[in-house]
Amino acid sequence: MATNIEELMGKTFLQEAWNASEFKELTVIQGKTFDLIDKGQDIIAEAPTGSGKTLAYLLPLLQKIDSTKKHIQVVILASSHELVMQIHQQIQIWTKGSGISSASLIGGANITRQIDKLKKKPQIVAGTPGRVLELINKKKIKMHEVQTLVLDEADQLFVPEHLKTVESIIKTTQKERQLLLFSATIPTALENTAIPYMDNPRIIRVQESETNKPVVEHAYLVCESREKIDMLMKLTNMADSKVLSFMRDIGNLSVVAEKLAYKGLTVGVLHSDTTKEKREKALKSFRQTENALLLATDIAARGLDIADLTHVVNVDLPRNVTQYTHRAGRTGRLGSTGGTVLSLIESHELKQLEKFAKEFQVELQEKKFYKGSLTNKRQ
């Protein structure tokens, strides 16, 4: 595993960005993949959420980009607007003073402005599959010049909604290009779909136990369905709380949001039908507001990185352990102080939650509210 930062990051701008960051050493996934990516190896990488996957591919790729060549050398695909914007923000931080330019390309945004960005010849772009393919078809992105294609949250890109688009994008690249897949969950079916497009890929898996992420508590609170609104209000009203709550679907989310608003609680919403402007406003408000609550569906919140998140709340139980994994990964991220994943369940749902906890290999703690605080039920 590569660990010597100075040797790895030969370019001055990367060394300066590293020194300006609060990082002391590479994470496990970063150390295992840096040299491989630097040497052009195709990779399928699975590592827990919050373990530093974005920088795991960004750092070695930025090391390889030639700022004197004015064409796109790296394309990064992600399924959600928020994740694309977060990736682009990281690109901007780590390319400061490098001469490397970048662009973000998301659906719903003004395509003419995005075409204008591409005319400035960025070396790296991050985008959603639909918009990237649209710009390829308009001959605004020349994929034969691209050296590396990255699929971030790859399992979400290989769902039926995106699969054909992603495959179409891959087919526009040269055969000798590098293909990198990163996600917190890489099921066998995804491997089988991706491998035919790859050149002898290295498969790397990092377990939760290998990371040095902050400790996250996994808990549950038994209540009736009609009580969940009050539970969310109590959680949000706790000192210094910042609560991200997951709902099963848009319909359920809208009903809960309306009821909370009626009770006087300011709440942000994030789902696939939310416009770009409203998404940005909701996230900005959530990040800047004390005692904030954000309601989200799984797809909309995929990849969200919110530094001071205190609670992830499953208002609706996840459909499977993969969904539980991605929801839980919004808290306890690198650089944070940990957090709590709390499931609001009816008594008949406990067996299902215990199954998720066993598969995810975490201990569950039952909670209750006592004098405005969340405490252990049995103590």
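Only the coordinates and a few stated rules stand behind these numbers; no lab work does. On a predicted model such as this, the values are computed, not experimentally measured, just so you know. Virtual Cβ from ideal backbone geometry, glycine too; neighbours counted across all protein chains shown.
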Farthest towards the positive end of the dipole of the range 216-374, among ALA307, GLY329, PHE356 and with Cβ unit charges of +1 on Lys and Arg and -1 on Asp and Glu, lies the Cα of ALA307
Of all DSSP beta bridges with both partners in the chain, the antiparallel percent, nearest 5, is 5
Gain on full stretching of the segment that runs from THR68 to ALA307 - 0.36 nm per residue minus C-alpha separation: 82.5 nm
What's the angle, to the nearest 10 degrees (0 to 90), between helix 228-237's Cα axis and the longest principal axis of the chain? 70
Only one of the listed values, (i) 5, 23, 29, 21, 13, 6, 1, 0; (ii) 5, 23, 32, 25, 12, 3, 0; (iii) 5, 21, 25, 21, 15, 9, 3, 0, was derived from the coordinates as P(r) over Cα pairs in 10 Å bins from 0, in percent; which label is it? (ii)
Are there GluC sites (Glu not before Pro) in the range 182-291 that DSSP marks as loop and that have at most 14 other Cβ atoms within 10 Å, and which are they? GLU224, GLU290
Positive end of the charge dipole of the range 5-210 (Lys, Arg +1 and Asp, Glu -1 on Cβ, about the Cα centre): tell me which of LEU149, PHE182, HIS71 has its Cα farthest that way. HIS71
Given N residues in the range 5-210, what is its alpha carbon radius of gyration divided by 2.2 N^0.38 Å? 0.96
On a 0 to 90 degree scale, rounded to 10, what angle separates helix 53-64 from the longest Cα axis of the chain? 20
Between GLN174 and ASP116, the FRET efficiency computed from the C-beta separation at R0 = 30 Å comes out, to the nearest 0.05, as 0.70
Using a simple charge model, +1 on the beta-carbon of Lys and Arg, -1 on the beta-carbon of Asp and Glu, nothing else, what dipole does the chain show about its Cα centre, in debye to the nearest 20? 1060
Output the antiparallel fraction of DSSP beta bridges having both residues in the range 216-374, as a percent to the nearest 5. 5
Compare the peptides 71-83, 178-190 by average per-residue count of other Cβ atoms within 10 angstrom and give them in order, highest first. 71-83, 178-190
So the FRET efficiency between LYS377 and VAL321, C-beta based with R0 = 22 Å and rounded to 0.05, is 0.40
With charges set only on the Cβ (+1 for Lys and Arg, -1 for Asp and Glu), what does the dipole of the range 5-210 come to about its Cα centre, in debye to the nearest 20? 1200
Answer in debye to the nearest 20: the dipole magnitude of the range 216-374 about its Cα centre, from +1 Lys/Arg and -1 Asp/Glu charges placed on Cβ, is 240
Helix axis angle, 276-288 relative to the chain longest principal axis, alpha carbon, degrees: 60
Among LYS242/LYS281; LYS284/LYS368; LYS53/LYS138; LYS351/LYS371; LYS53/LYS351; LYS70/LYS117, which pairs are too far apart, with a Cα-Cα distance over 21 Å? LYS284/LYS368; LYS53/LYS138; LYS351/LYS371; LYS53/LYS351
Modelled label reach - LYS368, point 7 Å along Cα→Cβ, the range 223-247 residues with backbone N closer than 13 Å: 223
Does the range 216-374 classify as rounded, prolate or oblate by the C-alpha gyration tensor (a ≥ b ≥ c root eigenvalues; a/c under 1.5 gives rounded; else a/b over b/c gives prolate, otherwise oblate)? rounded
